[in-house]
1. Report the Cα centroid-to-centroid distance between region 200-218 and region 23-54 in angstrom, as an integer.
2. If R0 is 22 Å, what FRET efficiency do you get for residue 30 and residue 222 from their C-beta distance, rounded to 0.05?
3. Which one is right for this structure if Cα Rg over 2.2 N^0.38 Å is calculated from it: [x] 1.32; [y] 1.00; [z] 1.10?
4. Compute the length gained on full extension between residue 183 and residue 292: take 0.36 nm times their separation in residues and subtract their Cα-Cα distance, giving the result in nm to one decimal.
5. Arrange the peptides 348-359, 296-307 so that the one whose residues have, on average, the most other Cβ atoms within 10 Å appears first.
6. Kindly provide the Kirkwood hydrodynamic radius of region 109-177 in Å, to one decimal, from all pairs of distinct alpha carbon atoms.
7. For region 177-316, just say rounded, prolate or oblate: build the C-alpha gyration tensor, square-root its eigenvalues into a ≥ b ≥ c, call rounded for a/c under 1.5, and beyond that prolate if a/b exceeds b/c, oblate if not.
8. If R₀ is 41 angstrom, what is the calculated FRET efficiency for the pair residue 100 and residue 282, using the beta carbon separation as r and rounding to 0.05?
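Here, each number is a calculation from the coordinates, and none is a lab measurement. These numbers come from a predicted model, not from an experiment. Cβ atoms come from the backbone with ideal geometry, glycine included; neighbour counts cover every protein chain shown.
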């Protein structure tokens, strides 16, 4: 069978029915971030565009009869912002050597460090043709590289089999061991950690803060108005300007309301803090948090403990609370590997990056092993969470 790959500068040109048949595949858990509704909301809200340095370049794989076989979210990037996997040093090294690193191609969910499938196909036999298509189009466009961020481990292995460079990273994930209540989880922790969490939960609400957990039709525009102010405040302090527009939240709230958990905090009659989570079939993904008032431990309560509570109630297997944060370890979120894969056109630069990545993978594995020693659980073998290098 022969294959062809076409690129589209907006996801609407591929169409929802075509896209979703590969985003929703039997045997694969629903991933809210590669759904048509989520990605289209990013584009239609202006959060993702040529102007923001995220030009959509989504791929459609077809057979010789022009029947669709798979899709891949892809962006032409003029910078490395909003990716959560850092290659600034690569860009600097390549450009100091006389190369041009930007533009580059990136297959990822914009502004979202959550793992999942990135090569969206109904059958794994079509993953390699899509990878080859991404590399081929990049060569034709004379870009330096293609990067696939936060892909799952199985597709990471597919990239290895197709000679892509492999990279590992770490995040902190909470695992549901069949708990029926939050106390069931606490009872698995050491006495000191258990007492600390209970104290933090009490003190977070000590100033008269109340919490609302909203999903579906309970989320109104007034909630998005309030939440966006929290998001703007946090974004201005962390990044200088927010990535997501106000319209994005209304659009995504309209298109996938039952896949959103909005945790809102109110004090003295007004909303003062909140966090947005997205609900998968197996995982609760914590995304953005913000506040207008500082209250000790409120961030932990809203972003970590409320997420655990919700995951237990829904029977979800894990909570991914976003990037970074060694402080999550003491709160039951253990270090886990995440994965990316990279295709680099320039042979010499590719070899240099490959050597760096080999050392970095060993370092990440050793770091995860080391951090596991500080697990808050009463007795937990490092082998329970260790993954191969």
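1. Between the Cα centre of region 200-218 and that of region 23-54, the gap is 29 Å.
2. Details: r = 28 Å, r/R0 = 1.28.
Once rounded, the FRET efficiency stands at 0.20.
3. [y]
4. Value of the extension gain: 36.2 nm.
5. 296-307, 348-359
6. About 13.6 Å for region 109-177.
7. Oblate, since a/c reaches 1.5 and b/c is not below a/b.
8. Efficiency at R0 = 41 Å is approximately 0.50.
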